[in-house]
Amino acid sequence: MTGAWGGVPEVGAYYRDHGIGWVVIGDENYGEGSSREHAALEPRFLGGTAVITRSFARIHETNLKKQGMLPLNFKNPADYDRVKPDDKVDLIGIKELAEGSEVTLRVHHKDGSTEDLPLVHTFNQGQIAWHRAGSALNHMAKSKSA
């Protein structure tokens, strides 16, 4: 964008409107106090793919899953500090998502170097079906019409 800091609504809308995928990188207990469904719906509406953290507030993590978002944790919580504000990232292993599988965060640093950081998740098979359908509601609608 401009290099200036901005809130998720403004930055997310810009990226969505320009066809740029994006993720949120968060710290400990991400989503604490924001257990309302809207806190998980907004990143989905704005085109977000994943929220990657050291840890989640339990209810918020579930709400993200229901909205088709990917709540992912750094396997090594200290890896949070390896991702810088001007890095670009790719998620590897999303299409193969299964219970207990790892996802890789490929970090492209501004200096041209890259590194792969392992991520973990708590999805079960039903929640993976939600993700693949785009949300729990989409999955229920597809299941009902089948």
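The values are calculated or read from the model by the stated rules, or taken from the named source; none is laboratory data. If you're wondering where the values come from, they're calculated on a predicted model, not measured in any experiment. Every residue, glycine as well, gets a Cβ built from its backbone with ideal geometry; the counts of neighbours run over all protein chains shown.
Overview of results
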| read-out | value |
| --- | --- |
| Options THR49, THR53; residue that is at negative phi, surrounded by fewer than 21 Cβ atoms within 10 Å (Cβ to Cβ) and among the hydroxyl-bearing types (Ser, Thr, Tyr) | THR49 |
| ALA13 vs. criteria touching an Asp or Glu at 6+ places or on another chain (Cβ under 6 Å), among the hydrophobic types (A, V, I, L, M, F, W, C) and modelled with pLDDT of 90 or more | no |
| Residue within region 47-58 that is among the basic types (Lys, Arg), over 20 Å from GLY7 (Cα atoms) and either in contact with a Gly (Cβ under 7 Å, 6 or more places away or on another chain) or part of a helix (DSSP H, G or I) (or both) present | yes |
| Matching residues, region 1-38, being in contact with a His (Cβ under 8 Å, 6 or more places away or on another chain) and either surrounded by fewer than 18 Cβ atoms within 10 Å (Cβ to Cβ) or in a strand (DSSP E or B) (or both) | TYR30, GLU32, SER34, SER35 |
| Complete set of residues in region 80-104 that are surrounded by 14 or more Cβ atoms within 10 Å (Cβ to Cβ) and touching a helix residue (DSSP H, G or I) at 6+ places or on another chain (Cβ under 8 Å) | LEU97 |
| Hits in region 28-60 (condition: charged (D, E, K, R), modelled with pLDDT under 95 and under 13 Å from the mean Cα position of the chain (by Cα)) | GLU42, ARG44 |
| Output for region 133-146, where each listed residue is surrounded by 13 or more Cβ atoms within 10 Å (Cβ to Cβ) and not aliphatic (A, V, I, L, M) | GLY134, SER135, ASN138, HIS139, LYS142 |
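Conditions tested, residue by residue: (1) of a type outside the set (A, V, I, L, M); (2) modelled with pLDDT of 95 or more; (3) assigned to a strand (DSSP E or B).
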site	(1), (2), (3)
PRO71	yes, yes, yes
ASP86	yes, no, no
VAL89	no, yes, yes
ASP116	yes, yes, yes
LEU119	no, yes, yes
ALA141	no, no, no
